[in-house]
Amino acid sequence: MLIKIGFDISLNIDVETTVLYCLRVHPSRHNDLCYGESFRIEHGGNNNEEYWDTFGNWCGRLRCRAGVLRFVNQAVVRDSGLIDPRPVQAHQHDVWELPQEILRFLLPSRYCETDSELLAFAWANFNTTPLGIPRVEAICDFVNSHIKFDYMQARANRTALEAYRERIGVCRDFTHLAVTLCRCMNIPARYVTGYLGDIGVPAVPDPMDFSAWMEVYLGGEWHTFDPRHNTRRIGRVVIARGRDASDVAITTVFGNHQLVNFSVFTEEVFDVNA
């Protein structure tokens with residue numbers, strides 16, 4: 001299967017400042033790119049550098065003049081066309097067994113407050129479920145039914161606890177709550193952002209956007225779960241992984257700015273040159 005992905009994002013920058021961005025396809029999918037990414041920055045200023053962050057994401061730092069800053073990208077990705085794999089069984093590790101580099105995905109983070117009332121709620125509601133995959137599925141089932149999806153109610157600073165209380169949000173809110181509840185139950189969980197088109201499912205009328213889901217560490221491997229859709233899907237293309245959305249923000253502007261344009265596309269094509 002071939003999937004065409006890309007975006008066109010513009011920001012109006014008030015003053016000269018520095019901008020961080022996390023917009024490139026994750027290195028784990030680089031071998032699947034048919035001819036690389038046609039990533040470019042318009043009106044970017046004089047200095048731009050790209051680097052690996054501490055989570056293994058390919059990021060950039062830009063010194064930008066005041067004015068409109070535009071990020072554009074397009075690529076074609078080869079994909080297996082298979083739905084997300086789901087093991088029937090996967091060992092849930094005791095915290096003592098976990099590799100040291102995994103431990104940070106058990107701790108509280110900016111949007112995932114495991115040190116809140118969610119800790120008691122998680123143990124009261126999920127402690128009797130079987131360990132491992134069934135427990136994660138029970139958490140995803142709860143989050144999917146507890147939160148109502150509503151683009152008009154999106155808020156960039158909503159935390160997992162606030163999503164739990166308000167019972168409304170977008171894919172990042174579903175993911176933050178599920179990540180938090182997994183961590184509360186001593187299951188390492190990390191936030192993932194990337195492309196997810198309507199491949200193999202009925203198309204929705206909403207404009208395309210980046211999507212968020214989570215990965216949990218069980219049986220010595222990371223496994224994909226999607227509390228927003230709560231079903232296995234086709235064609236995920238990862239951009240970045242981190243503790244929560246704060247680690248994988250598509251742009252971080254150190255100054256006043258306004259979003260001018262935001263369009264994302266991800267769709268199946270049948271020609272590498274489409």
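The values are calculated or read from the model by the stated rules, or taken from the named source; none is laboratory data. Because the structure is a prediction, the values reported are computed rather than measured. We place every Cβ from the backbone using ideal geometry, glycine too, and count neighbours over all the protein chains shown. Surface areas here come from the heavy atoms of the whole protein model, side chains and all, with no ligands, DNA or RNA. Shrake-Rupley method; radii C 1.70, N 1.55, O 1.52, S 1.80 Å.
The selection criterion, being open to solvent by 50 Å² or more (accessible area, probe 1.4 Å), in a loop (DSSP other than H, G, I, E, B), touching a helix residue (DSSP H, G or I) at 6+ places or on another chain (Cβ under 8 Å) and of a type in the set (Lys, Arg), does not hold for residue 158.
Only residues that are open to solvent by less than 10 Å² (accessible area, probe 1.4 Å) and assigned to a strand (DSSP E or B) were counted in the range 18-29, giving 2. Does at least one position in the range 58-81 carry a residue that is touching a helix residue (DSSP H, G or I) at 6+ places or on another chain (Cβ under 8 Å), open to solvent by 80 Å² or more (accessible area, probe 1.4 Å), outside any strand (DSSP E or B) and polar (S, T, N, Q)? No; the residues of the range 58-81 include none that is touching a helix residue (DSSP H, G or I) at 6+ places or on another chain (Cβ under 8 Å), open to solvent by 80 Å² or more (accessible area, probe 1.4 Å), outside any strand (DSSP E or B) and polar (S, T, N, Q). Residue 163 passes every criterion in (1) touching a strand residue (DSSP E or B) at 6+ places or on another chain (Cβ under 6 Å); (2) surrounded by fewer than 18 Cβ atoms within 10 Å (Cβ to Cβ); (3) under 18 Å from residue 140 (Cβ atoms) apart from (2). Could you tell me whether the range 238-252 includes any residue that is open to solvent by less than 10 Å² (accessible area, probe 1.4 Å) and among the acidic types (Asp, Glu)? So far as the range 238-252 goes, yes, one or more of its residues are open to solvent by less than 10 Å² (accessible area, probe 1.4 Å) and among the acidic types (Asp, Glu). So, in the range 88-120, how many residues would count as being in contact (Cβ under 8 Å) with a residue 12 or more places away in the chain, assigned to a helix (DSSP H, G or I), more than 21 Å from the chain's Cα centre (by Cα) and surrounded by fewer than 16 Cβ atoms within 10 Å (Cβ to Cβ)? The qualifying residues number 2. Among 37, 50, which is acidic (Asp, Glu), more than 30 Å from residue 140 (Cβ to Cβ) and part of a strand (DSSP E or B)? Matching residue, one of 37, 50: 50.
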